[in-house]
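For reference, the structure is listed below as structure tokens.
The values are calculated or read from the model by the stated rules, or taken from the named source; none is laboratory data. Please read all numbers here as calculations on a predicted model, not as lab measurements. Here the Cβ is made from the backbone with ideal geometry for all residues, glycine too, and neighbour counts use every protein chain on show. Only protein heavy atoms, including side chains, enter the accessible area calculation; ligands, DNA and RNA are left aside. Shrake-Rupley method; radii C 1.70, N 1.55, O 1.52, S 1.80 Å.
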Amino acid sequence: MLPTDSTTIPGAAEPRAMDAASLRLLTRSLAAPGASARRRRFRAAGLARPAAAVSMAAGAILVPARPALGLALLAGGGFLWAALHDPMAPALRRVASPRPARWYAGARRDLDIVGAGAYQRELARVRDRHGALGLVATLVPEREARSAQYRVRVDLHGYTVGWLSEAAAEAYRGRLGAEPAAVPVSLVGHDPIEIVL
């Protein structure tokens, strides 16, 4: 069950352990599809790509003799090919978020999320697939490779969507150390999409 208070999560003195229902809510959409589902998807893609190529080739051959049929085959093959090659797919890189064992305990207004403007495609994908309200983000502390500083990454349904500001990351590290935690969030606006705690 998600907390309902708009500024704090109950149990602010100590990080509260998450119950099984909350963990299921958080990880339900992150679970990898079963092997049979992956096989079906790859088999369908394997059949659709040659079908799209054959349709476009046949359309190109038929255009001089039967223009309407040739153009229809070209268009159908082109649409099928475009559907199989999502231009957003290479830009969206999924991350392996650790499974948090607790809610973030503290004032959510102190969690200042920055950098969401660079992750607008990821936020749009999450909003389109999971809605804009009642989402659970994972706060993931990690050490920067180039320095000894720690940053706190904000993951949402398997995508990185921002970072905590330096002050918020320092406060987070003081409260929870290196443990990941969950926090309820919502997405507002359209251009740009913003994350609201």
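Quick notes on this structure:
- Taking the criterion of being outside any strand (DSSP E or B) and either modelled with pLDDT under 90 or among the acidic types (D, E) (or both), the residues of region 135-159 that qualify are E144, A145, R146, S147, A148, Q149.
- Of the criteria (1) among the polar types (S, T, N, Q); (2) open to solvent by less than 70 Å² (accessible area, probe 1.4 Å); (3) more than 14 Å from L197 (Cβ to Cβ), which one S165 fails: (3)
To keep it simple, each residue is scored yes or no on (1) of a type in the set (D, E); (2) touching a Pro at 6+ places or on another chain (Cβ under 6 Å); (3) under 30 Å from L197 (Cβ atoms); (4) at pLDDT below 65.
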{"position": "A13", "(1), (2), (3), (4)": "no, no, yes, yes"}
{"position": "R24", "(1), (2), (3), (4)": "no, no, yes, yes"}
{"position": "A32", "(1), (2), (3), (4)": "no, no, yes, yes"}
{"position": "A52", "(1), (2), (3), (4)": "no, no, no, no"}
{"position": "L69", "(1), (2), (3), (4)": "no, no, no, no"}
{"position": "F79", "(1), (2), (3), (4)": "no, no, no, no"}
{"position": "L92", "(1), (2), (3), (4)": "no, no, yes, no"}
{"position": "P100", "(1), (2), (3), (4)": "no, yes, yes, no"}
{"position": "Y104", "(1), (2), (3), (4)": "no, no, yes, no"}
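- Members of region 119-160 found to be surrounded by 14 or more Cβ atoms within 10 Å (Cβ to Cβ) and among the aliphatic types (A, V, I, L, M), listed by number: L123, A124, V126, A132, L135, V136, A137, L139, V140, V152, V154, L156
- Filtering region 92-118 to residues that are among the acidic types (D, E) and buried (at least 18 other Cβ atoms within 10 Å of the Cβ) leaves nothing.
- Pairs where the first residue, in region 170-185, is more than 10 Å from A105 (Cα to Cα) and the second is among the polar types (S, T, N, Q) and open to solvent by less than 70 Å² (accessible area, probe 1.4 Å), C-beta under 7 Å, 6+ apart: P180/T138
- Residues in region 163-174 include at least one that is farther than 30 Å from P50 by Cβ, among the polar types (S, T, N, Q) and assigned to a loop (DSSP other than H, G, I, E, B).
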